[in-house]
Structure formats: C-alpha cells, structure tokens
Amino acid sequence: MDLRGRVSLVTGGAGGIGIKVCERLAALGSFVYVCDIKGAAAVADRINLGYREPRAGPARCDISDREAVEAMYAHMSREKGGVDILVNNAAVYGPLKARDFPEISYADFLKTIQVDLSGAMYCTLLAIPHMKQEGWGRIIFTAAPMSSSGIPAPYLAGKAGFIGLTKYLSQRFSEDGIHTFALALRHVDTPLIRKVVESRGHDPEKAVKSLHEKSLTGKMITPDEIAAIYAYFISTASPRTSGTVILADGGITYLR
Amino acid sequence: MRRINGIRGKTMIEPIADYKGRNCVVFGASSLVGREIGRHLARHGVNLCLIDLGPYRHDGLVEKVRESGSEARVIHQTVASGDEDGFKRVVGEAVDEWGSIDYLVCAYYLEDEAESRALDDLSLDSWDELLQGWVMNYFLVTRATFPHMIRGEKGRVVFVNTSTGYTGEGEGEGEITMGGSIHESACSSAVTGMMTSIARDIIPRGVSVNGIALGPNYENDMDRVIWATDFWLSGMCEYACGQILRLY
C-alpha cells in the first residue's frame, strides 16, 4: 500500500479517530492536511517528527463556515495542487444539556448539523473537481447508523446523511475513479465518549467498561482499528467496493 | 375496529382512516404529496392547517383540497424558510381555532426540486438552500406542533423523504435512474436520521413519528403514498417508532 504523491485532508484530524487516521495515511506516504478547529498544528508537528520530509500540515478551519472551507481549499490547492483523499471525520455531538427533542434549540440544532453534515458537504463538493481531473479520488465518511437510540437528532441527521452521500457519490463518480466508503459507528473508545458519558452524570471509567461489555465483541472499536479500515478501502483499486457502508457496532444495533 | 392496549395502558380503538373531526398540519401543502394527502384527509373530514414556504405557495390550494366536498375546515398559511416564530404562530392559530392538533405531515417540494436542480449540481449555494428548506424546516414545524400534541398525550407525525437516502439515486443499490441529486441523497438520509432520533425522544409522550420514502416514480404511485399515510396516521402505528415505509 503506497500513497506517496497523494494528498489527504482529514477533518476532525486532531480528535481521537482523526489523529490515528492522519498518522496512518502519513505512514503510507501521503501528505496529510490535519484539519481541525484547534490542535491541528500540534498533530502535524508530531507526525513530522518521524520523517525527514514533512508529511503533514495544519489546516485550521471551522468547517461549518463555508468561506473558511473555501479559503482552506484555495490554500491547499496552491500548496499541493488539490486533495486526492478526503476523510470526512469531523463532528460535534451537539449541546451536552438540552440535547433531546423538543428541548434542543433551533440554534443548537443548526450549529451541530452545519458542522456534522454541511461541513462534510462543503469539503466534498470542493474536492470533487480536482479528483475528477486526476481520475482518482477517495472520499471516506465516519458515519453512524440511520437508526440509533439515544443519539441527538442533529448529530444523527448529520451522520446518517453520510449514507445517502456515500451511495450517491459512488454511483455518480465511480467512472471518474472516485470511490467512496462509509463506516457507521456506534461507540468508539475515544476521549469524546468519556466526555459524553460524564455529561450524563456517569462515572467515565465505569461507563466505558459498560460500553465495552455492551458490544457482542466484548470491546468497543478503537481509532487504530478504524484507521486501518480506512487505509484498506483507500488503497483498494477495484471500483466494485465503492459505495460500501459498513455497520461496525459490535452487534449492538441488532441487539435492540 | 381494532381494540388493543396502547402505550401508557390506554385502550386504542381506532380503525384505519377514521379521521372525522381530527386536526392535521400539512407542511409542504402545495407539493404533489402534500396536496394529495391534504385532499385525501379533507375527504375524510380532517380539518387542515396547510403550511407552505413562501416561494412554493400555489394559489387556489384551499379550493382544490375542498373539491372533495367535505365539511372539513381548511386554512392555508405561508411561512418563510427558517422562521421559527412563523411556524409557532401559524400552528398556534390552528390550535386556537380547533383546540388541538392530532397529526403532522411533512411533505417537502420534491418534484419542484427535481425540476429545478441539475443532477450534477455541485454548488454550495444549492446545498445550503436544500438543507435549510427541507431538513431544518421539518425540524421547525415538528417543534412548533409537538407541544400541542403532548398536551393530549397523542399525536402522529409523518416525515416524507426519498429512497435516494438509502440507495444514492436508483431503486436499488447500484442502479442509476437519473432521479436524484447529491444534495437530495444527503438530505434524505439526514431526514431519516433526524426522524429516528426524534421518534425515540417523544414516543414516551404519546407521539409517534414515522416516515415514507418515495421511489423514483412516485408521481405515478400516489395510491401507495396515501396507503402509507393512512397506515402511519391510523392507530396501527402506535408502536412503530422511527420506521420508514420505502415505496420502491
């Protein structure tokens, strides 16, 4: 698997899953733009410590801000020509209080879906022209199942929206060499999940243990495992795998 | 007649399409689906609060809905996209007149979208417009209606979207029928995700939320759309939570 010469953009690149994806893509030879609202430079610097030539660069951006995303793409285009591999991974969970319907406010709903869905849409729409021109592109989505109990509406709307996007893009752009893949996740062993359970008044360690046990596999999926799955799909040459959506929830959905 | 134990131990006696005297809000009233559902419900005696977004308003809608000759009361209002207070005001006016709301049907203007949007439209402007017009307004009208439903601990909500949210654009995966757009596919599956979450949040309060996913040729399949609507609005759906009837 060799991604030398490919340019990647990983949104949410300084988060639990994003860091591992950035590291993995850099290790495979890609130059990686670490996109996040904070912490992007630190992640990029840490990755570059392991290589003679820079393998990563920061792309500090609030992806819910359309003009900021356009400016980020203009910058990447000037520096590296364009994005070949896009990992739409950024997400916000929404408000930690008043998050259920109907308590959630319109402003909170809008802000969450702007990051989780519109941000990915902006990044995707701006990536496609370069990918079409190159005849090669990979677009990956960190998604969620369309139906998940206990997940706030705007977060789930955004993450489930990726499923339609993955399917559509695959059908429309496979002939242009652009392949798509989505991994629909429930619980992932990240700092975010600790923050969420803590906000619900649970002891984080006990809650995380319980989430591990809830999975039929006995453990939650880890960011390292997710990064490996993404790398596998990115490197797959066959267009027949494009449009794949995999539910990786340890069997939780079918238990309910 | 069906008699089964409903949620919270209440007995449910309600056959399909026994609508007389019920009150319904229809969002997207001038869309093909909104119009047909409106006419169907009016024919069965449902009082209707028809809501349209400003640019979509069709003149003569109330008369068209009333062509059935029923005695249902029909009001028609226009709200600007994203106007939270506007949705609250319009729904509030219907409640002032009728006392309660039993049903909400959300039917976005999908045929107008299909006509006006090129398949390979990759513009960011049209994405912003569709997300707001479709997904966000479903959220707003549901939020405006829901408080009136929980007062009676009863209500039924139907979200209409399209099969492109599951398949991309064809009837099945991998098929291309030139039916949808990238924006439609994303919004459609977003509507499903939002619906399943809202459904779970509010079913304990007696309100069920379910959906209808229209197929590529739904314009010629309105009988099944009406059938699906009757199913979700009838007492049979009381235990269904965030389910979608896919019409393809």
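Quick note: the coordinates plus some simple rules give every number you see, no bench work behind them. Worth saying up front: this structure is predicted, and the values here are computed from it rather than measured. Cβ atoms come from the backbone with ideal geometry, glycine included; neighbour counts cover every protein chain shown.
Take the Cβ atoms of A:E175 and B:S123, set R0 to 22 Å, and the FRET efficiency comes out at 0.55.
I need the shape label for chain B. Rule: rounded when a/c is under 1.5, else prolate if a/b > b/c, else oblate, with a, b, c from the alpha carbon gyration tensor.
Numbers: a/c = 1.56, a/b = 1.34, b/c = 1.16.
Prolate is the answer for chain B, as a/c is 1.5 or above and a/b outweighs b/c.
Using C-alpha pairs under 8 Å with a sequence gap of at least 6, the mean separation divided by the residue count of chain B gives a relative contact order of 20 percent. Relative to the longest principal axis of the Cα atoms of chain A, the long axis of helix A:204-214 makes an angle of roughly 80 degrees. In the structure shown, the pairs A:K167/A:K209; A:K38/A:K209; A:K38/A:K195; A:K20/A:K167; A:K20/A:K97 are assessed against 23 Å; a Cα-Cα span above that value is assigned to A:K167/A:K209; A:K38/A:K209; A:K20/A:K167; A:K20/A:K97. Note on chain A: helix-only mean residue ellipticity at 222 nm, from DSSP H runs of 4+ residues weighted -39500 (n - 2.57) and normalised by residue number, equals -14000 deg cm²/dmol.
Look at the alpha carbon pairs under 8 Å that are at least 6 residues apart: their mean separation over the length of the stretch A:7-255 gives a relative contact order of 19 percent. Using Cα positions and a limit of under 17 Å, work out the lysines in reach of A:K214, with same-chain residues fewer than 8 apart set aside. Candidates past the 8-residue exclusion: A:K206.
Taking a ≥ b ≥ c as the square roots of the eigenvalues of the Cα gyration tensor, the stretch A:7-255 is rounded, since a/c falls below 1.5.
Shown in residue order for the stretch A:51-58 are the 3J(HN,Hα) couplings computed by the Karplus curve 6.51 cos²θ - 1.76 cosθ + 1.60 at θ = phi - 60°: 9, 6, 9, x, 10, 8, x, x Hz (x for Gly and Pro).
Highest mobility in the GNM of chain B, judged by mean-square fluctuation with C-alpha springs under 10 Å and restricted to B:P147, B:P216, B:P55, is found for B:P55. Model label sites at A:N48 and B:R57, defined 7 Å from Cα along the beta-carbon direction, differ in position by 5.8 nm. Using a Gaussian network model of chain A in which every pair of alpha carbons under 10 angstrom is joined by a spring, one finds that among A:T166, A:T11, A:T217 the greatest mean-square fluctuation is at A:T217. Projecting the Cα positions of A:G218, B:T145, A:A127 onto the charge dipole of the protein assembly as shown (unit charges on Cβ atoms of Lys, Arg, Asp and Glu, taken about the Cα centre) puts A:G218 furthest along the positive direction.
Taking chain A as a Gaussian network of alpha-carbon nodes connected by springs under 10 Å, the highest mean-square fluctuation of the residues A:A68, A:A56, A:A160 belongs to A:A68.
Under 5 Å from the amide H of B:V105 lie the amide H atoms of B:V25, B:V26, B:F27, B:V158, each residue being 5 or more positions distant or on a separate chain, with H modelled from the backbone and absent for Pro and chain starts.
Angle of helix B:182-202 to the longest C-alpha principal axis of chain B, folded into 0 to 90 degrees and rounded to 10: 20°.
Just to verify a number: FRET efficiency for B:D223 and B:R73, C-beta to C-beta distance, R0 = 25 Å, to 0.05? For R0 = 25 Å, the calculated efficiency reads 0.45.
About its Cα centre, the dipole of the protein assembly as shown is roughly 1700 debye, where the only charges are +1 on Lys and Arg Cβ and -1 on Asp and Glu Cβ. The 3J(HN,Hα) values that the Karplus relation (6.51, -1.76, 1.60; θ = phi - 60°) gives for the stretch A:101-118 are, in residue order, 7, x, 5, 4, 7, 4, 4, 5, 4, 5, 4, 5, 6, 5, 6, 6, 10, 5 Hz. Gly and Pro appear as x. Across all Cα atoms of the protein assembly as shown, the radius of gyration (one decimal) and Dmax (whole number) stand at 23.3, 80 Å.
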